[in-house]
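Participant: Below are the structure tokens for one structure; questions will follow.
The values are calculated or read from the model by the stated rules, or taken from the named source; none is laboratory data. Predicted, not measured: the structure shown is a model, and the values here were computed from it. Don't worry about glycine lacking a Cβ; one is built from the backbone with ideal geometry, like all the others, and counts go over all protein chains shown.
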Amino acid sequence: MDYKYIKQLLDRYWKCETSLAEEDILRTFFSQSTVPSELLRYRELFTYGQLNKETDVLSDDFDERVLSVIDEPAPVKARTITMTHRLKPFFKAAAVVAIFLTLGNAAQVSFSDDSDVRTNVPAGYDKVHRGTSVAMGDSAVIDTLHQHLSQPVTQPAANLLK
């Protein structure tokens with residue numbers, strides 16, 4: 001038997017030039033029980049859809065199961081909110097206000113005139129006092145029994161930084 005037409009259809013199939021009707025002819029041909037041995041290697045390609053049909057059919061109670069899931073009320077999960085979580089936005093706002101006030105005061109002091117700053121300083125505040133250094137030697141003596149300060153020592157302590 002001459003299978004010239006089937007071979008032509010196969011050639012057109014590999015070039016993607018067949019119509020759906022011609023592909024259906026190929027499927028019908030390869031689903032027969034007698035296929036020539038030279039075309040037997042293409043049989044699985046065209047009979048795959050017929051042999052491996054899956055029947056994905058929904059069961060009869062599918063609609064009832066879906067509707068029962070939909071109709072069930074969803075449980076509401078309650079969360080406990082602590083006081084710190086409630087006040088966190090206020091803490092953030094207070095921090096922003098504190099930063100703005102600090103920056104505003106720093107800008108006001110740095111851009112203000114020096115004469116204004118001097119008027120608020122008490123007299124004699126910026127004078128350097130040249131006397132006995134308390135850091136080098138303690139000049140005050142505490143009487144532990146009477147618990148009062150006695151007169152400071154008038155002798156300067158030895159200078160350790162010579």
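Participant: Might you let me know whether region 30-53 holds any residue that is assigned to a loop (DSSP other than H, G, I, E, B) and of a type in the set (Lys, Arg)?
Facilitator: Yes.
Participant: Quick one: would you say Ser59 is among the small types (Gly, Ala, Ser) and loosely packed, with under 10 Cβ neighbours inside 10 Å?
Facilitator: Numbers: among the small types (Gly, Ala, Ser): yes; loosely packed, with under 10 Cβ neighbours inside 10 Å: yes.
Here the answer is yes, as Ser59 does meet what is asked.
Participant: Moving on to the next point. Does Ile6 satisfy the criteria of being surrounded by 10 or more Cβ atoms within 10 Å (Cβ to Cβ) and not in a loop (DSSP other than H, G, I, E, B)?
Facilitator: yes
Participant: Out of all the residues in region 20-43, is one or more at positive phi, surrounded by fewer than 14 Cβ atoms within 10 Å (Cβ to Cβ) and of a type outside the set (Val, Ile, Thr)? Write out each step before concluding.
Facilitator: Pass one, region 20-43, residues at positive phi: none.
Looking through region 20-43, none of the residues is at positive phi, surrounded by fewer than 14 Cβ atoms within 10 Å (Cβ to Cβ) and of a type outside the set (Val, Ile, Thr).
Participant: Here's something else I'd like to know. Since Glu72 meets every condition but one in (1) at positive phi; (2) at pLDDT below 85; (3) not polar (S, T, N, Q), which condition does it not meet?
Facilitator: Failed condition: (1).
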